[in-house]
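Inspection log for the structure reproduced underneath, given as structure tokens.
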Amino acid sequence: CEIEYLDIYSELERVESDLLSASLGGRYCGTVSPHVRISLHRVLVLVFHSRARDNERKFGFRGKYSFIPDTIYQPGTPLNDDDGCSFLIDASKRKKGAIYSPTYPGTYPKNFHCSYLLSGRTGQRIRLFFRDFDIFFGGEHCPYDSLTVFDGPTTISPIIKKVCGLQQRMELYSVGPELLIHFNTTNPAKGDPRGYVIEYEFSTRFVDVTQLLHGQKGVTHMRGTECDVRVESNRETSHYIYSPKYPELYPKNTTCSYILDGLQGDQNLEKVILTFEEFAVLSDDHSVAVTNSPSIDDITCPVAWVGVAISDSTMRATLSSTDESNFDATLCERIPSTSPLMGPYVSAGPRMVVQFGTTDKLITDGLRPHGFKAKVDFKTDFGVAGESLGTSNECLFRFRNPMGFFNSPRYPANYPLDTNCTYFIEGRVGQQILIHFEQFALFGEKEEDRCNDWLEIYDVFQDGDEEQLVLQERYCSDTFPGPTVSAFGAHSMRVVFSSDSSGTGNETTEPRGEGAYRCGRRIRASERTPTGYVMSPNYPIKYNKDVHCDWEIIARDGHKILLTMEKMEVEGEMSARTASCQKAVIRVSGAPRPEYCGTDRSVFTPIVTRNNSVRISFLTSPDKVNGLKGFNMSWTEVREVKDMNECSSLSEYMCTYTKLCISSMLRCNGDANCGYQDDTDESARRESSTDKTIVIAGVFCGGIFLFICSFFCYLFKSKLERKKKRQRNRGSRYRQRQPFRSQKPVGKSIGDS
């Protein structure tokens, strides 16, 4: 706007005011006309500037003006203020009215301040309804233009809300009979915001907040609402919520929301349990007490209702709408205390929302009480799907279904510190239990021989009312457990999880039942069968998923079993201290390590069992596996002795280094049956093999020597014969030439004659 423009001065108090020092209301040019402008006082000045040289252009402007009374901009008694925009609105003079921003609906002034003090009588509350609201939005916290509502007569009173931008049909309520509104503007670059129209009402019909709270700790009124209540847990606490005016008849045209919040944090997670103790919210002219509990989906409540929102989607919809269809459960009428409609209702997370609503019609049956009374219990939520066996803060769960899941507390979030959980997995007699871990991530420090958080798996053997727990294994952060199965004769398992105060992680497991490929058998060693092999299914062909094989090897009394890994190709990784056998695992009862996998069979050193039996299990994940060749393990019946005299019979052989007594049938059978780093049972075979090798080598070397000698003799003989032949040839030539050389001339020469 440099050549032609229109300046509007709408904040002048007198016509004689100096325009150079006056506040400019706005400068306009182009083809977009200004919005409606209303003067702040009795004067409005328009100044048109033009420096154009072409006077033949058809440009200009045209507008309308009118004089309007200023009474709508004075909602109450003016107070002493430099800007002349401070008012006292007294309920004794007017119970209802409207507050207009200065110059509404025109653009409000810059760098301006207005205040409105609303003062009612004792017992009254004040309702504000924002019929129109358009204030420059400069950011989330309204750093430029803003309207602030205080719940009291001064600026040190609690703030109900500070607003800016565009607002539609917003309602605010004071707690008491007094309320203060401040409107402040600045001078940022902005458009033409029009301000606000706020309707107010003083009344005693609004819900008495103090009666609604009943003085309970943790139950608070949500400031700015008529009767919304927040109930906050103080860790495992119980509270009550009531309908307005309970046990008297509730008011009409009232909507109250109850937000029930359990604890949620790194160390705490709670669920909400809602149980109605009294319920009489009548919604039908012919209503009677509900005797046959209908389905929640069949209940309709057109006049008055109580809605329960449990899921996240219904809670969001409930807090933004009063439509009863947004609830997970809608209740009305007089419901007996024995009806299942009275609850309990359990939240899906740490929050639940309850809404009470009435229309402009009230129904009564002449009985008392009216409304509802409900108990709110906050209980620790471990996030475990099993049957809870302990109190609310005890992590004890039982699982009896043929298949299911169990997990660490609060999975997939990190489990809390200093937590102990026990999982009872119970099958039927004759069944076994298979557990497969889908994820396992426990906290652990790098210090050796320290297990911060751990998980233990027990086999449970029952004899009448008595039970015996046998530990399978304890797992820490450095091990990912492979699939595991309960022992023979144990149809129950016990899983114990413990975390300390150092750090957290998460883990989940999936119990599996029937449906797996089963294999394995019971093997009994004997004098005729002192050794054998245990192999994965179809070895050396790839194994499949969901395989469950169990072998039990039983030796004769006084004997033990030696196990040696011949071949091992099982997916997973093992090191000297850690193991990750998530997809497939070999388990040997009593072995130094709980599970074996990988392709390095050296991690499986030969094992001698503690007694005369051993159980070997091979399990693969019920989910996808890559499938390798599997394993081949040999077993040998042995007897530990200290003296050779204890192993001196002809049917026995004494291993030199391990001092194991084995069957003499096993000598020189091609397998090392003496144990770790002792192959003396195969030494005789090696000595015999060595003698044969020496004889063969001697014969071979002798043959080569004779061949070489014969070859050289042949060469020498051939050379000698060639030499003799040359000598004969040389003598023959000499005898033929000698007569020719000694021959004398027959005739004379020419000179002699």
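Counting DSSP beta bridges with both partners in the chain, what percentage is antiparallel, nearest 5?
Counting DSSP beta bridges with both partners in the chain, the antiparallel share is about 90 percent.
For the chain, which span is the longest to avoid every loop-located (per DSSP) member of GluC sites (Glu not before Pro) having at most 15 other Cβ atoms inside 10 Å?
Formally, the longest exposed-site-free interval is 528-753.
Arrange the following residues from fewest to most other Cβ atoms within 10 Å of their Cβ: 465, 546, 459.
Ascending number of Cβ neighbours within 10 Å: 465, 546, 459.
Using each residue's phi in the stretch 371-379, evaluate 6.51 cos²θ - 1.76 cosθ + 1.60 at θ = phi - 60° and report the 3J(HN,Hα) Karplus result to the nearest Hz, with x for Gly and Pro.
x, 8, 9, 9, 9, 10, 10, 9, 10
Under a 5 Å amide H to amide H cut-off, with H placed in plane at 1.01 Å, what residues pair with residue 381 once short-range neighbours are removed?
Those lying under 5 Å, H to H, from residue 381 are 269, 270, 271.
Quick one: which residues, 5 or more positions from residue 628 or on another chain, have an amide H under 5 Å from its amide H? H modelled 1.01 Å from N in the peptide plane, none for Pro or chain starts.
For residue 628, whose amide H was placed from the backbone, the distant partners under 5 Å are 543, 571.
Enter the Cα centre distance for the pair the stretch 107-151 and the stretch 582-622, rounded to the nearest angstrom.
One Cα centre to the other: 75 Å.
As a test, work out the antiparallel percent of DSSP beta bridges whose residues both lie in the stretch 213-380, rounded to the nearest 5.
So the antiparallel bridges in the stretch 213-380 amount to around 90 percent.
Rounded to the nearest 5, what is the percent of antiparallel bridges among the DSSP beta bridges in the stretch 24-163?
55
Only one of the values [x] 1.38; [y] 1.06; [z] 1.23 was calculated from this structure for Rg/Rh (Cα atoms, Kirkwood Rh); name its label.
Comparing each candidate, only [x] matches the computed number.
Step through the table entries 58/110; 542/624; 161/379; 560/629; 95/162, compare each Cα-Cα distance with 22 Å, and write down the pairs that go over it.
Pairs exceeding the cut-off: 58/110; 161/379; 560/629; 95/162.
Per the helix-only calculation at 222 nm, which mean residue ellipticity applies to the chain, given -39500 (n - 2.57) for every DSSP H run of n ≥ 4 and division by its residues, nearest 500 deg cm²/dmol?
-3500 deg cm²/dmol, from helical runs alone.
From the backbone phi of the stretch 619-624, what are the Karplus-calculated ³J(HN,Hα) couplings (6.51 cos²θ - 1.76 cosθ + 1.60, θ = phi - 60°) in whole Hz, Gly and Pro given as x?
10, 10, 5, x, 8, 5
Name the residues whose placed amide hydrogens come within less than 5 Å of the amide hydrogen of residue 243, ignoring near sequence neighbours (fewer than 5 apart) on the same chain.
Close amide H contacts, sequence-distant or interchain: 372.
Distance between the C-alpha centers of the stretch 1-51 and the stretch 711-725? Whole Å please.
138
Which angle from 0 to 90°, rounded to the nearest 10, does the C-alpha axis of helix 683-741 make with the longest principal axis of the chain?
50
Can you work out ³J(HN,Hα) from phi for every residue in the stretch 633-640, in order, using Karplus 6.51 cos²θ - 1.76 cosθ + 1.60 and θ = phi - 60°, giving whole Hz and x for Gly and Pro?
Taking θ as phi minus 60°, the curve returns 10, 9, 10, 9, 7, 10, 9, 7 Hz for the stretch 633-640.
What's the long-distance tail for the stretch 1-68, i.e. % of Cα pairs beyond 16 Å?
Counting every Cα pair in the stretch 1-68, those more than 16 Å apart make up 52 percent.
Bear in mind that the values in this text are calculations on the coordinates, not laboratory data. On a predicted model such as this, the values are computed, not experimentally measured, just so you know. A quick note on method: Cβ atoms are made from the backbone with ideal geometry, for glycine too, and the neighbour counts reach across all protein chains shown.
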